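To start, the structure under review is shown below, and the notes come after it.
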Amino acid sequence: MVIVKRKTLSFSERLYLPEIVRGLSITFRKMFAKRVTRQYPEERLETTEVTRGQPRLVVNEDDSIACVSCGLCEAACPAYAITIDGQETDRFIEREPERFDIDMLRCILCGFCEEACPKDAIYMSDELELADYSRAALIYDIEKLKRPKSALEQRIGYVNKINQRWQTPSSTS
């Protein structure tokens, strides 16, 4: 049989005074600290290459979409926000999306689609604003998702830098 000796509480501890004083001290420190408020439409949030905004499709220099409708981004999406229907093209062994929709109401901006894409056709942009007047307007079709490669260069460079850590260094002998 194990006997546990309990600590006897003082009068102030029984009234929870130390916890109350600690909580009030935090409150008073925060009350008199400098406030940080962003005046939103006038002051935009600073974005960097690490920012994961809305997903966008890369448009090549010849105005073709880099996507080949493999469906890996659709399969990787944990929110089931992506819908792809592919079609054949005139190009050699290539397909392209006939329909590519992302339901931005379901998208959780996780970036799994970006990681799953073998053709580097989808990247997370630095576009963060998600507001509209109807639910239907937040289902982005292929035309709303297209961005030229030059507009996504900062993110593309960041993703390439991150992925280099998984490549084996070439041996020089």
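Of everything in segment 25-72 that is aromatic (Phe, Trp, Tyr) and outside any helix (DSSP H, G or I), the residue that is surrounded by the fewest Cβ atoms within 10 Å (Cβ to Cβ) is Phe32.
Among residues that are without any contact (Cβ under 8 Å) to a residue 60 or more places away in the chain, of a type in the set (Ser, Thr, Tyr) and not in a loop (DSSP other than H, G, I, E, B), Ser150 is included. In segment 108-137, the qualifying residues are those that are of a type in the set (A, V, I, L, M) and part of a helix (DSSP H, G or I), and the one that is nearest to Thr48 (Cα to Cα) is Ala116. Scanning segment 102-137 for residues that are among the acidic types (Asp, Glu), out of contact with any Gly (no Cβ under 7 Å at 6 or more places or on another chain) and surrounded by fewer than 18 Cβ atoms within 10 Å (Cβ to Cβ) yields a count of 5.
Restricting Ile156, Ile139 to those that are more than 20 Å from Ile84 (Cα to Cα), among the aliphatic types (A, V, I, L, M) and in contact (Cβ under 8 Å) with a residue 24 or more places away in the chain reduces the list to Ile156.
Table: residues versus (1) farther than 30 Å from Glu143 by Cα; (2) not charged (D, E, K, R).
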residue: Lys5; (1), (2): yes, no
residue: Thr37; (1), (2): yes, yes
residue: Glu42; (1), (2): no, no
residue: Gln54; (1), (2): no, yes
residue: Leu57; (1), (2): no, yes
residue: Ala79; (1), (2): no, yes
residue: Thr89; (1), (2): no, yes
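The residues of segment 142-168 that are under 19 Å from the mean Cα position of the chain (by Cα) and of a type in the set (Asp, Glu) amount to a single one, Glu153.
The numbers here are math on the coordinates, done by the rules we state, and not lab data. Being a predicted model, the structure only gives us computed values, none of them experimental. We place every Cβ from the backbone using ideal geometry, glycine too, and count neighbours over all the protein chains shown.
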